[in-house]
Amino acid sequence: MSEQRSHQDRQGQSPLHSDRGSTNISDTVVQKIAGIAAQEIEKVQMGGGAAAAVTGFLGSVSGAVTGSSSGGGSPTSGVSVQVGEQETAVDLTVAIEYGVSIPQVTETVRRNVINRIENLTGLGVTEVNITVNDVQFPEERPQLEQQQEVEKQAHRQEQRA
């Protein structure tokens with residue numbers, strides 16, 4: 001797909017605009033893609049550390065009880081974007097597990113976010129700025145795993161409804 005994209009760029013065309021119409025991609029779509037892409041990298045949690053995990057867990061529980069899908073664990077937590085017609089810029093706030101190289105992990109996150117956004121939306125990514133605002137300790141991981149399990153259960157209940 002990147003070959004197709006670079007061919008279109010050389011011709012000065014955007015994959016989002018053609019003689020038959022244009023496609024506009026909302027900020028929310030780019031936020032979700034960026035958040036999901038960042039979370040695909042091990043040892044990374046969006047939006048912060050243990051406090052965010054507990055908040056997300058409580059939101060997931062209340063979402064499961066009320067039937068709302070807007071509970072915690074949102075892929076847009078800790079993500080802000082500026083989306084133009086052909087380009088986007090992304091700011092991420094993350095927590096990283098203690099003991100890993102922050103520069104290596106953030107560069108891996110950056111590459112994955114750029115790759116996902118460009119391939120899924122056709123938008124060029126001008127920059128991905130990452131703020132590491134917390135360090136997780138391994139004993140905090142069970143809270144995250146419990147949060148993820150509750151989110152999965154809530155999602156299954158939503159699908160049945």
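Each value in this text was obtained by applying a stated rule to the coordinates, not by laboratory testing. Quick caveat: nothing in here was measured; it's all calculated off a predicted structure. Note that we place each Cβ from the backbone using ideal geometry, even for glycine, and neighbour counts take in every protein chain shown.
Between Ser26 and Asn115, what FRET efficiency comes out of the Förster formula 1/(1 + (r/R0)^6) with R0 = 22 Å and r the beta carbon distance, rounded to 0.05?
My answer for the efficiency is 0.60.
Using only the alpha-carbon atoms of the stretch 97-142 as identical scatterers, what base-10 log of I(q)/I(0) does the Debye formula give at q = 0.13, 0.16, 0.19, 0.20 Å⁻¹?
Values, matching the q order: -0.40, -0.55, -0.69, -0.73.
Which order, highest average first, do 89-95, 123-129 follow once you tally other Cβ atoms within 10 Å for each residue and take the mean per peptide?
89-95, 123-129
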